[in-house]
Amino acid sequence: MRGHILILVENLSVPFDRRVWQESRALADAGYQVTVICPQGTKQDTEPEAIIDGVRILRYPLRAAQGGPIAYLREYSVALWHTTRLALPSMIANRWGRVINIASAHGLVGSAYKSAYVAAKHGILGLTKVTALEVAEAGITCNAICPGYVYTPLVEAQIEGQAKSHGIPREQVIRDVLLAQQPNKRFATVDELGAFSVFLASDAASSITGTSIAVDGGWTAH
């Protein structure tokens, strides 16, 4: 066994996470112990724990929709805390590790009417700093990536929905609604975030820790 990799995803049932699933299986085939942590997103996802094709799946109840803002904070911050708690012991034992949290531009700035989301994302940055300080001498780094809008199937659905409800072209939705705060007027891509994560996981990033890096097209430069 080459090591243990913990992956936290929002929902293994959506198309965006097919790639995550494929790469998890590839890591398992390469000899890593892989655990994917995700919510119980569908009626079929009833088992709290399962092993599929060598990948261990841990599911936790998704209560944000019923529990209001406090549950929303729990889904983003507490789930991440538990993942970090489970990942650190093996990293400390190996004297090497990389914790890369995906936060948001809203971890750095605020927006009206998004109190729970903004508070949760700010909480991720606080957890990132504390984790980095606590394991700094163990060869472990902890950083947070703060994306602006990233093009995903979820965002595509938002574009279509906004265009329909406001009766405006999709190009106008993208430029004037979704990317209104992003000076470069383009979505970041999953590949860009993946490549940056690979850099943070490399030896070249050994002295980068406790930081929050914006990948937001200039949004937080305002």
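Values quoted throughout were computed directly from the atomic coordinates according to the rules given, and no laboratory measurement underlies them. If you're wondering where the values come from, they're calculated on a predicted model, not measured in any experiment. Virtual Cβ from ideal backbone geometry, glycine too; neighbours counted across all protein chains shown.
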field: Sorted by Cβ density within 10 Å, fewest first, the residues 106, 222, 166
entry: 222, 166, 106
- request: Determine the dipole magnitude for the chain: charges of +1 sit on the beta-carbon of Lys and Arg, -1 on that of Asp and Glu, nothing else is charged, the reference point is the Cα centre, and the result goes in debye to the nearest 20.
  value: 300 debye
task: Quick one: compute the contact order of the chain, relative version, from alpha carbon pairs under 8 angstrom and 6+ residues apart, as a percent.
output: 17 percent
message: Here are labelled values, (1) -0.90; (2) -0.99; (3) -1.12, and one is the computed log10 I(q)/I(0) by the Debye sum over Cα atoms at q = 0.14 Å⁻¹ for what I pasted. Which one?
response: (2)
Over 22 Å [Cα-Cα, segment 66-180], rounded percent: 48 percent
- line: If one compares the long axis through the Cα atoms of helix 64-73 with the longest principal axis of the Cα atoms of the chain, the angle in degrees, nearest 10, works out at 70 degrees
task: Taking the dipole about the Cα centre of the chain, with the C-beta of Lys and Arg at +1 and of Asp and Glu at -1, give me whichever of 118, 54, 132 is farthest to the positive side.
output: 118
- prompt: Out of residues 5 or more away from residue 7 or on other chains, whose amide H comes under 5 Å of its own, with H placed 1.01 Å from N in the peptide plane?
  reply: 35, 36, 37
